[in-house]
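Structure record follows, encoded as structure tokens.
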Amino acid sequence: MEAKTVDVSRGIAWFSGGWRIFMKNPGLWIVLGIIVLAITVVLSIIPILGIFALSLVMPVLIAGLLYAAREADAGRALDVLHVFQGFRDKEKLTPLLSLGGLALAGLLASFALAFLLAGGSMVTMMLSGERPQMAAGAMGGFMLAGLVILVVELLVATAIVYAIPLVMFRGTPAGAAMRSSFNASLRNFLPLLVFGVVYLFAAIVAMLPLMLGWLVLLPASAGMLYLSYKDLYEPA
């Protein structure tokens, strides 16, 4: 289950290949994206419990989109029910929810650490009065809190990104899948970095106007992630 190390140029190939998969049936892909976005919005507006539930089920929804991407890449017909494949496959549901549990734990840990750092900084700012040096130090605490959240969430993402398809397509246990995903991300840092830079520009464009571009970019992203998994784990 060890991932391959690929050329840096593959980052561009994943991005363009994802659009190729999307263009095979853009209408239905947009419907799949709307379903995921609708579930995300509905859960997000539920105070506290909604965020917890969203963290748990998001890997299951992503697994469904990846399943749809594999079907489309193989030339098979898409189906709206593909997005729920992670829920329908009972053997895969529990380990996928376990990945969601890791995501939730990482979210809680990052915010707890950030709260401790930011809380101390807030007290410092309240006591600083006219002392600009203390105020500057407090602002540094806020920046450090933001950095902590970013680092923890990045570590969680590297452990989950390929764990989802490994569980979905290979039935790999959640723990082994996360270890393999983390190692694969480290070994392929450069192609992932190239992909990330290109994807960032696409994400910025997708926000204009009114973030409507995400109705297209989100489902296309499923194809991009599937092709990167296929590149790293499947036989040539």
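The values are calculated or read from the model by the stated rules, or taken from the named source; none is laboratory data. Source: prediction; values computed, not measured. Here the Cβ positions follow ideal geometry from the backbone for every residue, glycine too, while neighbour counts run over all protein chains shown. These accessible areas exclude ligands, DNA and RNA; they are computed on the full protein's heavy atoms, side chains included. Shrake-Rupley method; radii C 1.70, N 1.55, O 1.52, S 1.80 Å.
For the reader, a short list of remarks on this structure follows.
- Angle between the chain longest axis and helix 189-206 axis [Cα atoms, degrees, rounded to 10]: 80 degrees
- Euclidean distance between Cα centres, region 178-236 to region 2-27, Å: 8 Å
- CD proxy at 222 nm, helix term only [per DSSP H run n ≥ 4: -39500 (n - 2.57); per residue of the chain; nearest 500]: -27500 deg cm²/dmol
- Mean Cα-pair separation over length for the chain, i.e. relative contact order, pairs under 8 Å, 6 or more apart, %: 36 percent
- Solvent-accessible area per residue for the chain (1.4 angstrom probe, square angstrom): 52 Å²
- When the chain is described by a simple charge dipole with +1 on each Lys and Arg Cβ and -1 on each Asp and Glu Cβ, the residue from Leu81, Ser55, Thr40 located farthest towards its positive end is Leu81.
- Charge dipole of the chain (Cα centre as origin; +1 on each Lys and Arg Cβ, -1 on each Asp and Glu Cβ, all else neutral): 260 debye, rounded to the nearest 20.
- Cα-based helix-to-principal-axis angle, 10-23 vs the chain, degrees rounded to 10: 60 degrees
- The slack between Val80 and Ala105, meaning 0.36 nm per residue of separation minus the straight C-alpha distance, is 5.9 nm.
- Accessible-area composition of the chain, carbon plus sulfur, in percent [1.4 Å probe]: 76 percent
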